[in-house]
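Novice: Input: one structure, supplied below.
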Amino acid sequence: MHQLLGLILKRLGFGAITLLVISVIVFSAVEFLPGDLAQQVLGQSATEETVAAFRRELGLDQPSVTRYFIWLADVAHGDFGNSLANGQAVSGLIAQRFANTLFLAGYAAAIAVPIALILGVLAALTRRSLFDRLINILSLGAISMPEFFIAYIMVTLFALKFGWFSPLANVTPEMPLGTRLWATLLPALTLNLVVVAHMMRMTRASILSPMASPYIEMADLKGITPLRVVIRHALPNALAPIINVVALTLAYLVVGVVIVEVVFVYPGLGQLMVDSVAKRDMTVVQACCLIFALTYILLNLTADILAIATNPRLLHPK
Amino acid sequence: MARRIGKIPPTAAFGIAVVTTYSVAVLFAPVIAPYGQTEVVGAPFLPWSGEHPFGTDNLGRDMLTRLIYGARNSVALALVTTLLAFLIGTAAGFVGSILKGWTDMAIGRSVDVLMAIPALIFALLLLTITGPSLVATVLVVALIEGTRVYRLTRAVAGNLVVMEFVEAAQLRGESLWWIIRRELLPNATAPLAAELGLRFCFVFLFISALSFLGLGVRPPLAEWGSMVRENATLITYGDITPLLPAAAIAILTISVNFIVDWFLHMTSGLEE
C-alpha cells in the first residue's frame with residue numbers, strides 16, 4: 001500500500017508542476033505580443049499621458065515576474081482580466097460558454113462511453129469476424145476524416161434531407177433540459193462518430209491482451225466457468241487500460257468540441273476562442289487556453305491515478 | 001521483393017492509385033485546371049454545369065479549378081510542414097539519446113509540457129501571438145507535431161544507442177552528426193518511414209482544420225479546408241459542393257493510411 005501511495009503522490013506532484021509551467025507559458029504569451037499592449041488598445045491617437053496612465057492601470061509598468069504572480073492570484077480567484085477587444089470582464093464572457101461546452105462534451109460522452117464499451121467487448125468476443133473487421137474500417141475512417149467533414153455530412157443528412165434537426169445548435173440558458181438535449185443531439189452524435197470507433201478498438205485490445213496470458217489458460221485448465229474467468233481474472237487486469245481509454249476520450253472531447261462548435265454555431269468556449277484568435281484578443285484566448293489545458297490535464301491525471309490505483313500488481317505487492 | 005510487390009493488397013493498391021492521381025494534380029495543376037486559381041469566371045454560387053462541372057464558389061471562381069489547385073497548395077504545405085516537423089523531432093530525439101544527461105532531460109521534460117497542452121488549443125494560443133499567416137501556421141504545426149516525432153525517435157534511438165556498434169563509434173571519437181547519419185539513421189529507417197506517412201496525415205488534417213477555422217491558409221489561395229469554410233453557407237441550401245474539398249482530404253488521408261499499413265506489414269516480415 002505504501003508503494004501505491006508513493007506512486008500516486010509522485011504523479012500528483014508532476015501534475016502540479018505541469019500546471020504551473022503551463023500557466024507560465026500562457027501568461028508569457030502576452031509578453032510576446034508585438035508592440036505595446038496599451039498603445040494597441042488605445043489606438044494611435046492616444047496621448048502619451050493617457051497611454052502611461054493606462055499602462056499603470058493594467059500594471060504594465062511592473063516587472064513581468066511581479067505581474068505573473070498578480071495574474072496567477074487573480075486567475076485563482078476567477079478573475080481573468082478584461083477583454084482587449086471590448087473591455088468586458090473575461091470571466092463573465094466565458095462562464096456560461098464553458099458550462100455549455102462541458103454540457104456538450106458530457107452529453108456526447110454519456111452516449112459514447114456505454115456504446116463503445118459494449119461494442120468493444122462484443123468485438124473482443126467475436127474476434128476476426130465480419131463485425132470485428134467492420135470496426136477496424138470504421139475507426140480508420142474516423143481518424144482519417146476531418147471533423148468538419150463528418151459534421152457537415154450529419155447536417156446534410158439529418159438536418160436538411162430528413163429535416164429532423166435544426167442545422168444550428170442554438171441553446172440559451174433558460175432552455176428546458178429536454179429541448180436542450182434535442183437541440184444538441186446532432187453535434188453530440190457527430191462527436192460520437194469521431195470517438196466511438198477508436199474507443200471500441202482500445203477496449204477490444206485491452207480485453208484481448210490479458211485473455212492471451214498464461215494465468216487465464218491456467219484458470220481455464222482448473223475448470224473455472226468462462227464467466228468467472230473473465231470477471232475474476234481478466235477484468236481486473238483490463239480495468240486500467242479501459243479507464244484510461246474513457247478518460248482520454250473525455251479529455252479529447254473537451255478539446256474536440258472546438259470544430260464541432262464552429263460548424264453548429266454552438267455558443268461554447270471553443271467558438272469564443274476561435275473568434276478571439278481572429279481578433280487577437282489575447283486575454284480571452286489566454287483564459288480559454290488555460291481552462292482547456294486545465295481540464296485536459298486534470299482528466300489525464302485522473303486517468304493515470306485511477307490506473308495506478310486499480311493495478312492488481314501494485315495492490316498486492318510481494 | 002518483386003514477389004512481394006506482385007501481391008499488393010487491394011487497400012494498398014487503392015491507396016497508391018489515389019496518391020498517384022493526386023500527384024498528377026499537384027504537378028500539373030496549371031495544365032489540367034480549366035481556369036486560373038483566383039480568376040473570377042462568373043456569378044457566385046453557380047450550379048453544376050458543363051462549363052463549370054462543380055459550379056462556382058462564393059466569389060464566382062470555378063470550383064473544379066480550385067479543387068485542383070487546392071491539391072497543390074494543401075499537399076505541398078502539408079509536406080513542407082511534415083518534413084520540418086521531422087527535422088525538429090528526429091534531430092532532438094537523436095541528439096538527446098546520444099548526449100544523454102541534462103540535455104536529454106531538458107528536451108524530454110520540455111516535450112512533456114508541450115504535449116500536456118492539447119495540440120489545437122496550443123496552436124490557437126501561438127497563432128494569437130504571431131497573427132494568422134501562412135508561415136506562422138507552418139511553423140506552429142511543425143513545432144507541435146515535431147514533439148510527437150521526437151517521442152518516437154527517442155524511443156527508437158534509446159534502444160539503438162546501447163548497442164555495441166554505437167559505443168564503438170563513440171570510442172573511435174566519431175562526431176555526433178556522423179553517429180546519427182551512419183549508425184542510428186540506417187537502423188531507424190523503417191519506423192521513421194511509417195511515422196512519416198502517419199505524421200503527414202495528422203499534419204494534413206491539422207492544417208486543414210486551422211484553415212477551416214479561418215486561421216491557416218489565407219485567401220485567395222485555394223486550400224481545401226478554407227474552401228469548405230468559404231462555401232459552407234451552400235450546405236444549408238442542400239448543396240453538397242462544399243463537401244467535395246472535405247471529401248478530397250478524407251480520401252487522401254485514408255489512402256496514405258492504407259499504404260502505411262501495407263508498408264508496416266511488409267517491413268515487419270509478416271505473411272498473411
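Novice: Kindly indicate which of B:Arg218, B:Arg229 is open to solvent by 20 Å² or more (accessible area, probe 1.4 Å) and closer than 26 Å to B:Leu84 by Cα.
Specialist: B:Arg218
Novice: Counting only residues that are open to solvent by less than 20 Å² (accessible area, probe 1.4 Å), more than 9 Å from every other protein chain (Cβ to nearest Cβ) and under 13 Å from B:Ala194 (Cα atoms), how many does the stretch B:242-263 have?
Specialist: The qualifying residues number 1.
Novice: Filter the stretch B:127-148 down to residues that are at the interface with chain A (Cβ under 8 Å from one of its Cβ atoms) and in contact with a helix residue (DSSP H, G or I) (Cβ under 9 Å, 6 or more places away or on another chain) and give me whichever is modelled with the highest pLDDT.
Specialist: Looking at the filtered set, the residue picked out is B:Leu127.
Novice: What number of residues in the stretch A:159-188 are within 16 Å of A:Gln271 (Cβ to Cβ) and without any contact (Cβ under 8 Å) to a residue 60 or more places away in the chain?
Specialist: 2
Novice: So, in the stretch A:234-276, how many residues would count as being in a helix (DSSP H, G or I) and either surrounded by fewer than 20 Cβ atoms within 10 Å (Cβ to Cβ) or within 12 Å of another protein chain (Cβ to nearest Cβ) (or both)?
Specialist: Total meeting the criteria: 29.
Novice: In addition: For the stretch A:105-220, please list each of the helices (runs of 4 or more DSSP H) lying entirely inside it that holds at least 2 residues being surrounded by fewer than 13 Cβ atoms within 10 Å (Cβ to Cβ).
Specialist: A:130-144, A:177-183
Novice: For the stretch B:94-145, what are the residues that are aromatic (Phe, Trp, Tyr) and open to solvent by 40 Å² or more (accessible area, probe 1.4 Å)?
Specialist: Within the stretch B:94-145, B:Trp102 is the sole residue that qualifies.
Novice: Do you know which of the residues in the stretch B:205-239 that are under 16 Å from A:Pro146 (Cβ atoms) and polar (S, T, N, Q) is farthest from the chain's Cα centre (by Cα)?
Specialist: B:Asn231
Novice: Any idea which residue in the stretch B:221-241 is farthest from B:Met63 (Cα to Cα), counting only those that are part of a loop (DSSP other than H, G, I, E, B) and within 8 Å of chain A (Cβ to nearest Cβ)? Give the derivation first.
Specialist: Let us first name the residues in the stretch B:221-241 that are part of a loop (DSSP other than H, G, I, E, B), namely B:221-223, B:231, B:238-241.
Of the ones still in play, those that are also within 8 Å of chain A (Cβ to nearest Cβ) are B:238, B:240.
Details: B:Gly238: 17, B:Ile240: 12 Å.
Here the residue is B:Gly238.
Novice: Would you be able to tell me the number of residues in the stretch A:68-102 that are surrounded by fewer than 18 Cβ atoms within 10 Å (Cβ to Cβ) and of a type in the set (A, V, I, L, M, F, W, C)?
Specialist: 10
Novice: Another question, then. So B:Ser211 ticks every box in (1) more than 8 Å from every other protein chain (Cβ to nearest Cβ); (2) under 22 Å from B:Leu120 (Cα atoms); (3) at pLDDT 85 or above; (4) open to solvent by 10 Å² or more (accessible area, probe 1.4 Å) but one. Which box is left unticked?
Specialist: With (1) more than 8 Å from every other protein chain (Cβ to nearest Cβ); (2) under 22 Å from B:Leu120 (Cα atoms); (3) at pLDDT 85 or above; (4) open to solvent by 10 Å² or more (accessible area, probe 1.4 Å) applied to B:Ser211, the lone miss is (4).
The values are calculated or read from the model by the stated rules, or taken from the named source; none is laboratory data. Please read these numbers as outputs of a predicted model, since none were measured by experiment. As a convention, Cβ positions derive from the backbone with ideal geometry for all residues, glycine included, and neighbour counts pool all protein chains shown. Just so you know, the surface numbers come from the protein's heavy atoms only, side chains and all, with ligands and any DNA or RNA stripped out. Shrake-Rupley method; radii C 1.70, N 1.55, O 1.52, S 1.80 Å.
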